[in-house]
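> What follows is a single structure, and I will ask about it in a moment.
The values are calculated or read from the model by the stated rules, or taken from the named source; none is laboratory data. A quick note: this is a predicted structure, and the numbers were derived from the prediction, not measured. All Cβ positions, even for glycine, are placed from backbone atoms using ideal geometry, and neighbour counts span all protein chains on display.
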Amino acid sequence: MVGCKGDMKDGVIKFRHGMNMYSYDGNNFLSFDNASGVWVAVTEAAVQTKRKWDEVQVLKEYTKGYLENECIDWLGKFINYGQKQLTEAIPPEVHLFKKNTKVEGKILLTCLATGFLPKEITLNMKINGSVLTEADGVVSSGVRPNGDETFQRRDSVEILRSDVCTFTCEVIHQASKLHVEEEWGSCQ
């Protein structure tokens with residue numbers, strides 16, 4: 001496992017701590033002590049490897065350099081990517097579908113929310129204002145990625161064609177401040 005920690009001040013990340021650890025059969029084996037620039041044998045079996053690696057100066061310098069520089073650079077990039085997602089909220093497009101099923105007299109109602117960012121979203125299918133659940137037969141795709149770095153979610157429920165209830169789809173995407181409730185036309 002390789003990683004680093006840093007402190008951010010005025011938009012710049014300064015290296016604080018790095019780790020480069022190896023395991024064997026699920027147990028810690030060998031790690032790099034960035035402060036002293038040496039390998040640390042966690043078990044007796046690792047002592048021979050520690051001695052060998054401590055003699056390779058270029059390996060110690062590379063490991064220390066990676067943790068203090070490249071790892072911190074990557075950490076900064078990931079923080080920027082996360083900030084971008086938090087500030088660039090894109091509201092979903094909401095589409096309603098209904099189609100016949102293989103069972104005579106039934107139809108499938110589907111609500112699709114797509115093209116949104118970030119991925120946190122609430123999608124509720126309702127009958128006469130009451131939220132339907134899995135126990136009522138709602139099937140959800142869950143949130144899935146689109147090919148353009150946005151997300152989608154699709155929920156469906158099978159109903160009788162003869163139902164005269166009001167079916168609605170509620171979509172709440174807090175990041176973009178979108179809250180819509182759309183109604184299917186008559187199901188007959």
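> Residue under question is T110, and the condition is that it be touching a Phe, Trp or Tyr at 6+ places or on another chain (Cβ under 6 Å) and touching a residue at least 24 places away in the same chain (Cβ under 8 Å); does it hold?
On the way: touching a Phe, Trp or Tyr at 6+ places or on another chain (Cβ under 6 Å): yes; touching a residue at least 24 places away in the same chain (Cβ under 8 Å): yes.
Spelling it out, T110 is indeed touching a Phe, Trp or Tyr at 6+ places or on another chain (Cβ under 6 Å) and touching a residue at least 24 places away in the same chain (Cβ under 8 Å).
> Report the residue count in segment 143-188 for those that are closer than 13 Å to L108 by Cα and among the aliphatic types (A, V, I, L, M).
3
> Among the residues of segment 116-166, write down those that are modelled with pLDDT under 95, under 30 Å from Q83 (Cβ atoms) and either surrounded by fewer than 15 Cβ atoms within 10 Å (Cβ to Cβ) or not assigned by TED's automatic domain parsing to the domain that holds L178 (or both).
E120, G147, D148, E149
> Confirm whether T101 is under 30 Å from I159 (Cβ atoms), in contact (Cβ under 8 Å) with a residue 24 or more places away in the chain, of a type in the set (S, T, N, Q) and surrounded by 11 or more Cβ atoms within 10 Å (Cβ to Cβ). Let's see the steps before the verdict.
Details: under 30 Å from I159 (Cβ atoms): yes; in contact (Cβ under 8 Å) with a residue 24 or more places away in the chain: yes; of a type in the set (S, T, N, Q): yes; surrounded by 11 or more Cβ atoms within 10 Å (Cβ to Cβ): yes.
Judged against the criteria, T101 is a match.
> Within segment 110-138, track down each residue that is assigned to a loop (DSSP other than H, G, I, E, B) and in contact with a helix residue (DSSP H, G or I) (Cβ under 9 Å, 6 or more places away or on another chain). Break it down stepwise before answering.
If we filter segment 110-138 for residues that are assigned to a loop (DSSP other than H, G, I, E, B), which is where we start, we get 118-121, 128-129, 132-133, 137-138.
Once the filter is applied, which keeps residues that are assigned to a loop (DSSP other than H, G, I, E, B) and in contact with a helix residue (DSSP H, G or I) (Cβ under 9 Å, 6 or more places away or on another chain), segment 110-138 yields P118, K119, E120, I121.
> Mind counting the residues in segment 116-133 that are in contact (Cβ under 8 Å) with a residue 12 or more places away in the chain, of a type in the set (S, T, N, Q) and more than 25 Å from P145 (Cα to Cα)?
1
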